[in-house]
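K.L.:
After the structure tokens below, expect a handful of questions from me.
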Amino acid sequence: MSPELRIDPLSGLRVIVAGERGSRPGAFLDVPSREPIDAEGDPFAAGHEDRTPPEVYRLPGDDGSWKVRVVPNLYPALSPGEAAPGGDPLAGGRGEPDLFASHPALGDHEVIVNAPDPVHSLAEVSPDQVEAALSVWRERMRAHSDSAYVHVIVNEGKEAGASLPHTHAQLYALPFVPATVARERERFTAYADRTQGRNLLEDVVQEEVRRRDRVFAIDDEAVALCPFGARVPFHFQVVPRRPAARFSDDGPLGARLLHESLTRLGAVLGELPPLNLWVRTAPRDADRFCWRIEVMPRLAQLAGLEIGTGVHLNVLAPEDAAERMRGAG
């Protein structure tokens, strides 16, 4: 297959898919084995609640225990407080612009401990526990619904940025809409205007299901697929079968299919790789959107092309990745 330049329908970003480069030396990073977590030194383990900041929310378990806990981040990237509007001084207007504009980084930064057991990944707990964790993600997103944008992430593995190995999510309640999200919002809106109100991601998923090339799992709630513009090997998405603008909206969470997809990924590779996961959801006051969960394994090193231009070079076609993921079912 000759290299292809693809345009991601959701973001408009370009990706080069060059599967033949996957056979060159060093094309894929080794998947490291994960060392067992030292349960005694794990601040997120059950019984060590005094080692974290005071919790702001918990999902109770049986006999006074907990299933999921939420605490302020001990090293927050955002300071509490309500941010005043602050636009880009170079975006328009008159007069002398401020070339070095800055504002206080105000908002909220929380840690959501996904399970009381000292495990590395959502794939290592039960589907019921993943459902419980995602229900708390939803609840905390609702608690910060007055923020311009709420971003929930999971970093698994030191190579993916995790400072503690125990599975946890982080929530950033941002006082602005990130440019990448704003671009997607504009594309969803433009598509709805062109098609008499249709939803962009809903139409993408329907076409993916029809073609079957990149879909690798479906259940009653969601569809799992390797996107047409996959940026890295085994990049996948979990998308609700019925579109909803926000992850915080009522409806299915896609938790069981997420668990299944992570399990398939570990089976294909022999080990679950370091990975980054995030929830893409609608910004405040945006209705023409659909949430999804994105998972990007750390199997390739970002180099000068990706960092310098934002154009990703993927050495494994998403069609091939999806075929391998289907085979792991």
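Just so it is clear, none of the values below were taken in a lab; they were calculated from the coordinates. None of these values were measured; they are calculated from a predicted model. All Cβ positions, glycine included, derive from the backbone under ideal geometry; neighbour counts span all protein chains shown.
K.L.:
Scan the strands (runs of 3 or more DSSP E) fully inside region 149-252 and keep the ones with 1 or more residues being more than 26 Å from residue 311 (Cα to Cα), small (Gly, Ala, Ser) and without any contact (Cβ under 8 Å) to a residue 40 or more places away in the chain.
P.N.:
222-225
K.L.:
Out of all the residues in region 33-88, which are assigned to a loop (DSSP other than H, G, I, E, B), over 24 Å from residue 131 (Cα atoms) and polar (S, T, N, Q)?
P.N.:
Answer for region 33-88, where residues must be assigned to a loop (DSSP other than H, G, I, E, B), over 24 Å from residue 131 (Cα atoms) and polar (S, T, N, Q): just 33.
K.L.:
Do we find a residue being crowded, with 24+ Cβ neighbours inside 10 Å and either acidic (Asp, Glu) or within 15 Å of the chain's Cα centre (by Cα) (or both) anywhere in region 215-225?
P.N.:
There is at least one residue in region 215-225 that is crowded, with 24+ Cβ neighbours inside 10 Å and either acidic (Asp, Glu) or within 15 Å of the chain's Cα centre (by Cα) (or both).
K.L.:
When you go through 238, 232, 268 one by one, which is the residue that is touching a Ser or Thr at 6+ places or on another chain (Cβ under 9 Å) and among the β-branched types (Val, Ile, Thr)?
P.N.:
That would be 238, the only listed residue that is touching a Ser or Thr at 6+ places or on another chain (Cβ under 9 Å) and among the β-branched types (Val, Ile, Thr).
K.L.:
Out of 298, 284, 264, 288, report the one residue that is in contact with a strand residue (DSSP E or B) (Cβ under 9 Å, 6 or more places away or on another chain), touching a residue at least 12 places away in the same chain (Cβ under 8 Å) and over 18 Å from residue 32 (Cα atoms).
P.N.:
Details: 298 fails: over 18 Å from residue 32 (Cα atoms); 264 fails: over 18 Å from residue 32 (Cα atoms); 288 fails: in contact with a strand residue (DSSP E or B) (Cβ under 9 Å, 6 or more places away or on another chain).
After ruling out the rest, the residue left standing is 284.
K.L.:
Then there's this: Being touching a residue at least 12 places away in the same chain (Cβ under 8 Å), closer than 24 Å to residue 63 by Cβ and not polar (S, T, N, Q) is the requirement here; does residue 131 meet it?
P.N.:
Working: touching a residue at least 12 places away in the same chain (Cβ under 8 Å): yes; closer than 24 Å to residue 63 by Cβ: yes; not polar (S, T, N, Q): yes.
Judged against the criteria, residue 131 is a match.
K.L.:
Which number in (1) closer than 28 Å to residue 35 by Cα; (2) under 18 Å from the mean Cα position of the chain (by Cα) marks the one condition that residue 178 misses?
P.N.:
Of the numbered conditions (1) closer than 28 Å to residue 35 by Cα; (2) under 18 Å from the mean Cα position of the chain (by Cα), the odd one out for residue 178 is (1).
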